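Following: one structure in structure tokens, then a few remarks.
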Amino acid sequence: MSKTAPAIQLKKISKSFGSVQANKDIDLTIERGTIHGIVGENGAGKSTLMSILYGFYQADHGVILVGGEVADIPDSQVAIKLGIGMVHQHFMLVDNFTVLENIVLGAEDSGLLGPSLNKARVELLRLEKEYGLAVDPDAIVGEIPVGLQQRVEILKALYRGADILILDEPTGVLTPAEADHLFRILEQLKAQGKTILLITHKLREIMAITDAVSVMRRGEMVATRETAKTSPEELAELMVGRRVLLQVDKGEADPGEVKLAVSDLTVRDSRGVDMVKNVSFEVRAGEIVGIAGVAGNGQSELLQAIAGMRQPAGGTILLEGQSIAGLDPAELRGRRLAHVPEDRHHEGLVLPFEEQENAILGYHFDDRFAAGPFLNTSAMRQEAEEKIERYDIRPPNPKLKTANFSGGNQQKIVLAREMERDPSVLLIGQPTRGVDVGAIEFIHKRIIEMRDAGKAVLLVSVELDEIRALSDRVLVMFDGRIVGERPPDATEGELGLLMAGVEEEKAA
Ligand SMILES: Nc1ncnc2c1ncn2[C@@H]1O[C@H](COP(=O)(O)OP(=O)(O)OP(=O)(O)O)[C@@H](O)[C@H]1O
Ligand SMILES: [Mg+2]
């Protein structure tokens, strides 16, 4: 392998799935020892391109050069041998194994038996030290925070000798502090001569950490820029093909009557641990209440309890003045409570179903969609087509299996279903996780339109920027409790301290 040749060169790489051409004649050069960003709209073909490089898919045609030499990468084992590692968007770790076992699992010439594990432990500790990636080798993976799980994924790739590291939307699940930490790690890896390919929708991250950035649109590579010579505005325009409003534009709220009243709510997780502790708040018609907090501080369980997915252990929830105790999600939908769940894969979609089935999932008992005991397929089809058009879901094919849509487009399927139902109360968890800048602009506008149409909106997001941009009032959650309420123009520093549990308001 030549030391001066680019780490990776792609020449005329193309890949189709049926009638969808995900990659069209892609040319891309990644210089050794750099951090190279890849941006592009949802469905632009970023993950597909990286999966080809990692041997997960085969290109229909085109050439890959690794370190200046033509490489045939039929599977990930070969990619790993060539020094390519990938940290997936959805981690591929075994929850009930330890960190050490996960790292060793599947690596060459090592087993989970005593002697090889001991050798692996020594090597792991060396890697941890060399790259400043501290993790307890004996911790159970399922019990450590996502930020640490991701570190385990990175260590796993390094343990296998990765020289080129691909990260597909690594910060989607991280808190701002964890993301900062990840970037320090990436910079350190770069300083040690590693090459990093970073896919992200957050242009701020691109500007902060990359040396160069390539933009994809509709399967094509449309531009590569030196990061220092571009701007978020230019990148957004290159991605979407039009100017994008990167700031939220909204007027004053005009709150009306209380639509959702939560009092003294306590919610336990499946292990019986109190995750929400005596929480009380109200959401009025025509206002957006944002819940800020580091992931894992009870926000998820709070949303699940209000949505009828988890029985509270104590307290009350009133929807338009009536208790919702004992009602299931379907009954709550009937009472005009809409819910965009945080975890679209597990709670929002049935991935093996067609897009059009997910477009009405949970609402299929509606008169509109019923034809006697059967489903009125043409009504379902029409509904799906309208939403595809309005939310720009790509590809515009209601019969495509949902699993075959890109991550951001899957998110749009759930949003379209829940937001277009004229709800009275709208619960939204992580509305823009994994969606592109153009779609974020659209979704934020829709959320504000919903507010202005008199809906009560409860927003949970780990993106502090998003909470501040959309909310009329911000509640900060820490360790299961609401530790403060602030106006949305409170400084990031002030909110950050509350989120970290450093400063707490005296309970009024
Ligand atoms: N296994 C598959 N079968 C059919 N179509 C697929 C498959 N994988 C990807 N596609 C299609 O290829 C296109 C590119 O998808 P890809 O996942 O690469 O997009 P992306 O740029 O990563 O988008 P996102 O930002 O939403 O993650 C999309 O139209 C997608 O629906
Ligand atoms: Mg993707």
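Just so you know, all these numbers are worked out from the coordinates, no wet-lab data involved. Predicted, not measured: the structure shown is a model, and the values here were computed from it. Reconstructed Cβ throughout: ideal geometry from the backbone, glycine too, with neighbour counts over all protein chains shown.
Annotations for the structure displayed:
- FRET efficiency, 1/(1 + (r/R0)^6) with R0 60 Å, evaluated for Phe374 and Ala228 via beta carbons: 0.50
- Centroid-to-centroid separation of the range 124-189 and the range 220-246 [C-alpha atoms, Å]: 29
- Set Lys46/Lys190; Lys46/Lys194; Lys11/Lys46; Lys81/Lys156 screened for pairs whose C-alpha atoms are more than 18 Å apart: Lys46/Lys190; Lys46/Lys194
- Sorting Leu319, Leu125, Leu165, Leu361 by the number of Cβ atoms found within 10 Å of their own Cβ, with the fewest placed first, yields Leu125, Leu361, Leu319, Leu165.
- Neighbour-count order for His444, His339, His61, His364, fewest beta carbons within 10 angstrom listed first: His61, His364, His444, His339
- A simple spin-label model places pseudo-atoms 7 Å from Cα toward Cβ; at Ser16 and Glu220 they are separated by 1.7 nm.
- Once C-alpha pairs closer than 8 Å and six or more residues apart are averaged by separation and normalised to the residue number of the chain, the relative contact order reads 15 percent.
- Share antiparallel - DSSP beta bridges, the chain, percent rounded to 5: 55
- Candidate aspartates and glutamates for bridging to Lys15, where Cα separation is under 19 Å - those fewer than 8 sequence places away on the same chain excluded: Asp25, Asp27, Glu41, Asp60, Asp72, Asp75, Asp168, Glu220
- Building the convex hull from the alpha-carbon atoms of the range 8-240 and averaging its projection over directions returns 12.5 nm².
- What the Cβ-Cβ distance of Arg184 and Val502 gives, at R0 = 25 Å and to the nearest 0.05, is a FRET efficiency of 0.75.
- Proximal lysines to Lys277, defined as alpha-carbon separation beneath 21 angstrom and excluding residues fewer than eight positions away on the same chain: Lys506
- Average Cα contact separation per residue, the range 348-421, under 8 Å, 6 or more apart, as relative contact order %: 42
- Once both labels are positioned 7 Å from their Cα atoms along Cα-to-Cβ, the gap between Lys399 and Glu130 label points is 5.3 nm.
- Between Asn118 and Ala5, the modelled labels are 4.1 nm apart [label points 7 Å from Cα along Cα→Cβ].
- Measuring nothing but alpha carbons in the chain and taking Rh as the Kirkwood radius, the Rg to Rh ratio lands at 0.97.
- Rounded to 0.05, the FRET efficiency of the Leu245 and Glu386 pair, given R0 = 30 Å and the Cβ-Cβ distance, is 0.75.
- For the range 470-505 versus the range 17-58, the gap between their alpha-carbon centres in whole angstrom: 39
- Sorted by Cβ neighbour density within 10 Å, fewest at the top, the residues Leu302, Leu53, Leu497, Leu475: Leu497, Leu475, Leu53, Leu302
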